[in-house]
Amino acid sequence: MHLANHGGKNIGNAALILGVESLLTEDLPVEPKFLEEPWDLYSRHELHFDEHFVERINTESDALLVGGAVAFDGSSMYANAGFRLDLPLELWDRIERPVVFYGLSYRRWPTWPYHHQEALRATLGRILDSETMLFSVRNDGTKEWLAELLGLRSERIHVVPDPGVFVSTEDAWHPELEAGKLNVIVAPNAEDEMARYGRAARKRSLRVPRGGAELRDWLPVSSSWGWRESRAGFLRELATALGRLGADHDLNLIFCAHDVFDIGMCYELFWLLPEQLRHRTVFASASLSNGNGRYFYDLYAKADLAIAMRVHSMNPCVGLGTPVVPVVSQARMRAFMSDAGLTDLTVDIDEPGVGDAVYRAASRALASPAESRSRLADARARLRAGASGFDARVATLLEAA
């Protein structure tokens, strides 16, 4: 039973699902059959983590695979377990099958509270004490984040490469691609906009004016004009960078919205482009189901460059060998790229002159595609070796059961 976001509209979940299933199919001695269990329906309270869920694990499957989704978001909804697998503590011991947590991750911003920390601490303690459960988190700083949040440090928290690196594809025709041109994907990120684009504004708003200031005179850290101003400035700089690339090369620009929330940002960025480049721009299909993941990521595999702002626009490029400019905006993005040995490819969203930095990074990648692909292939090989080591543990656990 593979618990994952099978029914979600964020296509990045497909990279995680396809990646982990590919890894285990390649590495386990017996080819597994995966039964889809839609985690997103539990998060929307259409299904429930209860006795019936446990009974289905025990009667319908040989093991439970908890896929590498964002599991730790601190929502107040998860009062039982403190994370998205919100099973009451007393029911965990009733699971009779092996449980493998494969590459869980977090999504929290520094100013956000994390609700039900004690429930999370108790649940993780139960999982880590179990001989029939194997727990791993992504190589994006999640282990360190858990240690900071809960004071929880354990050798039984394994770190694995983001499974999305190993997404499988299927060869297909893509109407977005244009032969004879440089096909460049742009994948924006409109998730958590106030936090993502408000860091620079927050620093500014907390600065005390000369001569001091009354507390009531300070701008709040969530000042709407602050993050909107930062966001608008970033989009202008990115559009300028794309315009410069369009002047240098015969581009075919492809906007890829990974989630429905990214669609609006794609169109905002489109209208900021020079008019000539707008006539050389197309929009990839958005809001595809995860069942179209192999088709969607084949578009990435056949592109000449991706300017990537989402985790699962940048990380899969490493495995697919597609030259990439990761425009990073979260600690977990930076941590993954560091672990992959690719920090020098990244551009930070808060970097002064971010547009110039994107232009330079993209120009280098387009000028030396073979070198870029070779570096990514080396990084993929190192990450694949790390996944193989954990998969050997999975095989041992399943054989013992």
Residue, most open to solvent (accessible area, probe 1.4 Å), within region 4-50, restricted to residues that are β-branched (Val, Ile, Thr) and within 19 Å of Gly291 (Cβ to Cβ): Thr25
Filter result (open to solvent by less than 10 Å² (accessible area, probe 1.4 Å) and either among the small types (Gly, Ala, Ser) or under 10 Å from Ser287 (Cβ atoms) (or both)) within region 248-261: Ala257, His258
Residue in region 197-216 that is at pLDDT 95 or above, of a type in the set (Gly, Ala, Ser) and over 18 Å from the mean Cα position of the chain (by Cα) present: no
Residue that is surrounded by 20 or more Cβ atoms within 10 Å (Cβ to Cβ), modelled with pLDDT of 95 or more, farther than 25 Å from Tyr106 by Cβ and within 20 Å of the chain's Cα centre (by Cα), where the choices are Leu345, Leu376: Leu376
Failed item in (1) surrounded by 15 or more Cβ atoms within 10 Å (Cβ to Cβ); (2) in contact (Cβ under 8 Å) with a residue 40 or more places away in the chain, with Ala79 passing the rest: (1)
Residue tally, condition assigned to a helix (DSSP H, G or I) and among the hydrophobic types (A, V, I, L, M, F, W, C), over region 19-31: 3
Selection within region 289-327 - basic (Lys, Arg) and closer than 15 Å to Asp140 by Cβ: Arg310
Selected residue (only one of Leu16, Leu85 is of a type in the set (A, V, I, L, M), touching a strand residue (DSSP E or B) at 6+ places or on another chain (Cβ under 8 Å) and not in a helix (DSSP H, G or I)): Leu85
Number of positions in region 357-401 that are touching an Asp or Glu at 6+ places or on another chain (Cβ under 6 Å) and either more than 29 Å from Ile157 (Cα to Cα) or not in a helix (DSSP H, G or I) (or both): 1
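The values are calculated or read from the model by the stated rules, or taken from the named source; none is laboratory data. What you see is a predicted model; the values in this text were computed from it and never measured. Reconstructed Cβ throughout: ideal geometry from the backbone, glycine too, with neighbour counts over all protein chains shown. Side chains are part of the model used for accessible areas, which takes the heavy atoms of the whole protein and leaves out ligands, DNA and RNA. Shrake-Rupley method; radii C 1.70, N 1.55, O 1.52, S 1.80 Å.
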